[in-house]
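The values are calculated or read from the model by the stated rules, or taken from the named source; none is laboratory data. None of these values were measured; they are calculated from a predicted model. Positions of Cβ are generated from backbone atoms using ideal geometry, with glycine treated the same way; all protein chains shown enter the neighbour counts. Just so you know, the surface numbers come from the protein's heavy atoms only, side chains and all, with ligands and any DNA or RNA stripped out. Shrake-Rupley method; radii C 1.70, N 1.55, O 1.52, S 1.80 Å.
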Amino acid sequence: MKNTSRRNFLKTTIAATSGAMLTSPAWAGYASKSPFKISLAEWSFHRALFANEMTNLDFPVITRELGMEGVEYVNQFFKDKAKDEKYLAELKKIAKNEGIENVLIMCDGEGMVGHPEKAERLKTVENHKKWIDAAKFLGCHSIRVNAGSRGSYEEQQKLAADGLRMLCEYGDSKKINVIVENHGGLSSNAEWLVGVMKLVDHKRVGTLPDFGNFVIDRQTGETYDRYKGIELLMPYAKGVSGKSHNFDAQGNETESDFYRLMKIVKDAGYKGYVDVEYEGSELSEKEGVIATKKLLEKVFDSLG
């Protein structure tokens, strides 16, 4: 039943995409006119992946069918394959055959980079090294990590910076960047994260500004202004995440002004991939990805 479900998912994804691409401008035009390219964050299909309706090996194929140029993997979907060179070689071959660039690996569940105990920080660094190696093998430019910690505002900055610097030193040996997303807790406070970047002070460290991840505390509802946050994080950005949830009748994201946010991104001098990361529930994952891509294309056009 699982294989049948997966085949049906792939067929319907490809069929729906074919129709959508006939009525929208060719994706290649945006690559030549704009300083931005569109990648796909694997988390956009997390429900299909967890349900075994698709696999990590399907991801580059679906990305191409949906008209995007790069993939941003999530380690959860090939958790036991980081050191499996046969598997990684197959994944790399699939991406190459599809003309897809492997951009980065988003890493979760490998420990707290800013753990208060030194031994635990060292363990976390060791846990991430295999993903730096995998990113190097696949041809990615970065891994994305979480800057979790405990303690006071300043203590967490120092602890996170210590763990990140150790990771960057290993990343330097592989020419792989270590980038941090605003991803909850103090990392969603852009001023805090900028302070961490300054403390690390390493060419391999950077940020992955996410348009939608500025909730500092879900229990209290504390948030950080997303427009100020993106502006502060962009000088350190080695990637940008176009997080989306819901859309209005005109196809605009209802929580984030993509035009305003991308103007900030452009004004910062950023050139490179902006990912589609759909997390909504009103549209299916496939439809949400297509809607986000169309919105980004419209915004890119408006920016000239």
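Do we have any residue at all in the stretch 270-278 that's part of a loop (DSSP other than H, G, I, E, B), farther than 18 Å from V205 by Cβ and touching a helix residue (DSSP H, G or I) at 6+ places or on another chain (Cβ under 8 Å)? Let's see the steps before the verdict.
Of all residues in the stretch 270-278, those part of a loop (DSSP other than H, G, I, E, B) come to 270-271.
If we keep only those that are farther than 18 Å from V205 by Cβ as well, we get 271.
From what is left, the residues that are touching a helix residue (DSSP H, G or I) at 6+ places or on another chain (Cβ under 8 Å) are none.
Looking for residues that are part of a loop (DSSP other than H, G, I, E, B), farther than 18 Å from V205 by Cβ and touching a helix residue (DSSP H, G or I) at 6+ places or on another chain (Cβ under 8 Å), one finds none in the stretch 270-278, hence no.
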- [ ] Residue by residue through the stretch 230-254, note down the ones that are open to solvent by 20 Å² or more (accessible area, probe 1.4 Å) and among the β-branched types (V, I, T).
- [x] T254
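Does at least one position in the stretch 287-297 carry a residue that is under 16 Å from I38 (Cβ atoms), open to solvent by 40 Å² or more (accessible area, probe 1.4 Å) and either among the small types (G, A, S) or in contact (Cβ under 8 Å) with a residue 60 or more places away in the chain (or both)?
In the first step, residues of the stretch 287-297 are kept if they are under 16 Å from I38 (Cβ atoms); the result is 288-297.
From what's left, open to solvent by 40 Å² or more (accessible area, probe 1.4 Å): 294.
Those still in the list that are either among the small types (G, A, S) or in contact (Cβ under 8 Å) with a residue 60 or more places away in the chain (or both) too: 294.
Looking for residues that are under 16 Å from I38 (Cβ atoms), open to solvent by 40 Å² or more (accessible area, probe 1.4 Å) and either among the small types (G, A, S) or in contact (Cβ under 8 Å) with a residue 60 or more places away in the chain (or both), one finds at least one in the stretch 287-297, hence yes.
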Open item on the list: Checking the conditions here, which among D201, D257, D267 is surrounded by fewer than 18 Cβ atoms within 10 Å (Cβ to Cβ), at positive phi and at pLDDT 95 or above?
Closed with: D201
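Hand me the list of helices (runs of 4 or more DSSP H) wholly inside the stretch 48-147 holding 1 or more residues that are open to solvent by 60 Å² or more (accessible area, probe 1.4 Å), touching a residue at least 60 places away in the same chain (Cβ under 8 Å) and farther than 20 Å from V200 by Cα. First the steps, then the outcome.
Values: elements: 59-65, 85-97, 118-138.
Qualifying helices (runs of 4 or more DSSP H): none found.
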- [ ] Please give the number of the condition I216 fails out of (1) crowded, with 16+ Cβ neighbours inside 10 Å; (2) over 20 Å from F45 (Cα atoms); (3) within 18 Å of the chain's Cα centre (by Cα).
- [x] (3)
Task: Verdict on E181 being touching a residue at least 12 places away in the same chain (Cβ under 8 Å), open to solvent by less than 10 Å² (accessible area, probe 1.4 Å) and of a type in the set (D, E, K, R) - done: yes
